[in-house]
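Just below is one structure, and these are the notes that go with it.
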Amino acid sequence: MALYSEKVMDHFRNPRNVGVIEDADGIGEVGNARCGDIMKMYLKIKDDIIEDVKFETFGCGSAIASSSMATELIKGQPVSEAMKLTNKAVAEALDGLPDYKMHCSVLAEEAIEKALEDYFEKHPEKRKDV
Ligand code: FES
């Protein structure tokens with residue numbers, strides 16, 4: 001069996017939603033100290049919906065594929081749904097990651113979590129709505 005699924009390879013080669021949102025409502029940056037990979041997520045939120053999401057990942061192919069898939073999973077979703085996104089869901093949507101690459105999907109979960117935290121800090125009144 002190939003080490004990486006077709007979906008991982010596809011999202012690695014053609015990552016979706018790469019870039020920066022200049023006037024983002026929430027920004028989250030995380031890193032993994034062991035491998036040194038860094039991931040940054042930008043969220044644009046309107047009426048409690050993730051209107052747009054973009055990412056920049058300085059990291060391995062699995063981290064790039066995970067960020068790409070994670071953005072696809074939350075784009076257009078309510079904030080409450082984005083808050084529930086787990087690294088497991090990201091890995092499953094990619095048709096799996098090798099065990100030793102699961103931490104790459106954790107970065108995606110954490111980056112989104114941090115970006116949402118940033119959003120709630122800027123808009124504390126929204127915290128109770130979700
Ligand atoms: Fe560290 Fe992939 S090897 S995020």
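No value in this document is a laboratory result; all are computed from the given coordinates. None of these values were measured; they are calculated from a predicted model. Backbone-built Cβ (ideal geometry, glycine too); neighbour counts: all protein chains shown.
Checking the condition part of a helix (DSSP H, G or I) and in contact with a Lys or Arg (Cβ under 7 Å, 6 or more places away or on another chain), which residue from Ala111, Ala65, Ala89 passes?
Among Ala111, Ala65, Ala89, only Ala111 is part of a helix (DSSP H, G or I) and in contact with a Lys or Arg (Cβ under 7 Å, 6 or more places away or on another chain).
Which residue pairs have Cβ atoms under 9 Å apart, sit 6 or more places apart or on different chains, and have a first residue in the stretch 1-26 that is within 30 Å of Glu121 (Cα to Cα) and a second that is in a loop (DSSP other than H, G, I, E, B)?
Cβ pairs passing all conditions: Arg16/Lys75; Asn17/Lys75; Asp25/His123; Gly26/His123.
Which of the residues that make up the stretch 74-99 are surrounded by fewer than 19 Cβ atoms within 10 Å (Cβ to Cβ), within 18 Å of Glu6 (Cα to Cα) and not acidic (Asp, Glu)?
If the condition is that a residue be surrounded by fewer than 19 Cβ atoms within 10 Å (Cβ to Cβ), within 18 Å of Glu6 (Cα to Cα) and not acidic (Asp, Glu), then Lys88, Ala89, Ala93, Gly96, Pro98 are the ones that fit.
What number of residues within the stretch 100-128 are surrounded by fewer than 18 Cβ atoms within 10 Å (Cβ to Cβ), within 15 Å of the ligand (Cβ to nearest atom) and either within 14 Å of Asp25 (Cα to Cα) or among the hydroxyl-bearing types (Ser, Thr, Tyr) (or both)?
Number satisfying all stated conditions: 1.
Being within 16 Å of the ligand (Cβ to nearest atom) and in contact (Cβ under 8 Å) with a residue 12 or more places away in the chain is the requirement here; does Pro78 meet it?
Details: within 16 Å of the ligand (Cβ to nearest atom): no; in contact (Cβ under 8 Å) with a residue 12 or more places away in the chain: yes.
It is false that Pro78 is within 16 Å of the ligand (Cβ to nearest atom) and in contact (Cβ under 8 Å) with a residue 12 or more places away in the chain.
Could you please give the count of residues in the stretch 17-47 that are crowded, with 19+ Cβ neighbours inside 10 Å, more than 13 Å from the chain's Cα centre (by Cα) and within 16 Å of the ligand (Cβ to nearest atom)?
1
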